[in-house]
Amino acid sequence: MQIHKLLGSTILASLAACALASPPPAPAITAAPNLAKRATSCTFSGSSGAASASKSQKSCSTIILSSVAVPSGTTLDLSDLEDDTTVIFQGKTTWGYKEWSGPLLQISGTGITIKGDTGAYLDGQGALWWDGEGSNGGKTKPKFFYAHDLISSTITDLYIQNTPVQAVSINGCDGLTITDMTINNSAGDSAGGHNTDGFDIGSSSNVVITGANVYNQDDCVAVNSGTDITFSGGVCSGGHGLSIGSVGGRSDNTVDTVTFTNSEVKASTNGIRIKASVGDTGTITGVTYSGITLETISGYGILIEQNYDGGDLKGDPTSGIPITDLTIKNIVGTGAVSSSGYNVAIVCGSGACSNWTWSSVKVTGGKTYGSCENVPSVASC
Ligand SMILES: *[C@@H]1O[C@H](CO)[C@@H](O)[C@H](O)[C@H]1NC(C)=O
Ligand SMILES: *[C@@H]1O[C@H](CO)[C@@H](O)[C@H](O)[C@H]1NC(C)=O
């Protein structure tokens, strides 16, 4: 009501100002939103809950999704929210089975607060799709959560389990803070979960992810592009580690100022990985890994490559995506790499890796990689 009055008096004031001028231009008055019609809180549940929530999203300031069963082949779509809407998940949210590309959940808006209540969980029922092929073949699998175009928003205490393929896609966001999210796809370890990336981040800025727990079978975090992104206090288990890239070959190929700090990577193929695609152009600058503990790494403790080509370490590196101002410090991984793995692999194109800081890096247990190239003098490979 107060806002309504304020808008009203502003309009009156500008009308009065117009009346003094001559000839008066036609005043363009935009109707003030009917705030009175925005109910404080709306609760949706059951098999019609998703469609109802989607339909009513603009008229609720708080949307409670209580034990919603989303029908197969449909998106729980909250991508047209009014500013400052709160979305709360309660109980178990499920999605029905269908081969399609998804997403199963989509939320966009400005000033959005997304929360999971105590005991709430989002269950993608991934086992219905898992066939060991992920997004490379077999069944068409829906992506799980498009956290796209979220501006000045927060996601807190969300527990997600068993996504068919990639879990959380962050794109077009500016000012998104994700706190204490769990992505638990550990059931996929023995049941064919594949390409179940935790967080895929692109074209976003000011993203902060703290206290995440990710159990999966692909990158825990993959930053493909973006600026000012921080991942801290996280635990990654079962997957491919903390990754930049692959960078290159997309519409946005700039990674600038990304920090991974105070986190643990365990039971994973890699600990730290920076992938620049061979033959492409782009920028990877200002990336910091600090305070990372590695444990039980089967492939590479630290892998930095400018010859990524759909797979790691493929052929001659190129220099089109320089890796500059990189900091790797306080990496604790004594005995962490398995004896068949490699501690550190660095393959750079000529002159394409510069201004690195490399300190207190202790990664042992595996072999020395014999094909390192153009390694900055501060680093050891
Ligand atoms: C993850 O899920 C598995 C079952 O799929 C369960 O046994 C385990 O306790 C869960 N872990 C966490 C941290 O929630
Ligand atoms: C080198 O990298 C650091 C960050 O690690 C940055 O602050 C500094 O400006 C860079 N120096 C040059 C000469 O680019």
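Derivation of every value follows stated rules applied to the coordinates shown; laboratory data play no part. The model shown is predicted, which means the values in this text are computed figures rather than measured ones.
Under the criterion of Cα pairs below 8 Å and six or more residues apart, the relative contact order for the chain equals 8 percent.
Using only the C-alpha atoms, the convex hull of the stretch 138-275 corresponds to 97 Å³ per residue. Taking amide H atoms as placed 1.01 Å from N in the peptide plane, the amide H of THR288 lies under 5 Å from those of VAL258, THR259, PHE260, THR327, each 5 or more residues away in sequence or on another chain.
Here the stretch 57-137 was treated as a single set of alpha-carbon atoms; its pair distances binned every 5 Å from 0 give 3, 14, 22, 21, 18, 11, 7, 3, 0 percent. Translational diffusion of the stretch 151-212 was estimated from the Stokes-Einstein equation, with Rh taken as the Kirkwood radius over Cα pairs; at 25 °C and 0.890 mPa s the coefficient is 200 µm²/s. With the Kirkwood sum run over all distinct C-alpha pairs, the stretch 226-330 has a hydrodynamic radius of 13.8 Å. Quick check: the distance between the Cα centres of the stretch 164-203 and the stretch 287-320, to the nearest angstrom? Each part reduced to its Cα centre gives a spacing of 20 Å. Both radii come from the Cα set of the stretch 266-381: Rg as radius of gyration, Rh as Kirkwood radius; their ratio Rg/Rh reads 0.94. The equivalent ellipsoid that matches the C-alpha gyration tensor of the stretch 70-207 spans semi-axes of 24, 15, 14 angstrom, in descending order. The percentage of C-alpha pairs in the stretch 38-363 whose separation is greater than 30 Å is 32%.
Taken over the stretch 200-250, the alpha-carbon convex hull comes to 62 cubic angstrom per residue.
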